[in-house]
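A short worksheet on the structure shown next.
The values are calculated or read from the model by the stated rules, or taken from the named source; none is laboratory data. Worth saying up front: this structure is predicted, and the values here are computed from it rather than measured. Cβ placement follows ideal geometry from the backbone for every residue including glycine, while neighbour counts extend to all protein chains displayed.
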């Protein structure tokens, strides 16, 4: 199957050479859509020199000022991380998630998100992701560079796509639509006292995981936003201090 709907998103990349090397890896593995989210460098001659056959990937690359704008049109976001524990669990090896990614990519846009070279993805990035990938490495040398990570994930997708027959999947709501829902839901849960400032971040991450596993279509998001809106209205109508 085609990988046309798979978008590689590089967030906060610092070195032009890494963008070029990542583009080369993408071209090797049949990936053509590259988005640079809030890059800290520009595509330059070094990028093209290292891209080799990935030059067309660089030429068509989209540059966005923020990660939020880079996610426009994305319906499933897969985050990559080299660390474990905390908000990075559960993270699976790429091969384990390839069938699910390909099933979604058969009918909707899927983003594969890679973080900056020095820090990787931080918690605020990870909370946006429905799936997390961690590339297994030897315990004595766990760090791999950006282009290597793109190559490994790209290879698994390319290999998995050969002869893959996609299973039918739901048409997920656009990511920006679900983000608006989470913001509205958090506000409503704070208003009724279910969430508190000290636990809101942790609890909302748990809710994101629950809804992420279930999968939400646009109609589902509309229902949940309607519930949140009614909860907020009721909390305001009751006023402070009333049971």
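Quick test for you: out of 121, 97, 128, pick the one residue that is on the phi < 0 side of the Ramachandran plot and not in a loop (DSSP other than H, G, I, E, B).
The unique qualifying residue is 97.
Could you tell me whether residue 131 is crowded, with 16+ Cβ neighbours inside 10 Å, assigned by TED's automatic domain parsing to the domain that holds residue 14 and under 13 Å from the mean Cα position of the chain (by Cα)?
When the stated conditions are applied, residue 131 passes them.
Applying the selection to the range 74-94, what residues are outside any loop (DSSP other than H, G, I, E, B) and modelled with pLDDT of 75 or more?
Within the range 74-94, 76, 77, 78, 79, 80, 92, 94 qualify.
Quick one: how many residues across the range 151-195 are crowded, with 16+ Cβ neighbours inside 10 Å and not in a helix (DSSP H, G or I)?
Of the residues in the range 151-195, 6 are crowded, with 16+ Cβ neighbours inside 10 Å and not in a helix (DSSP H, G or I).
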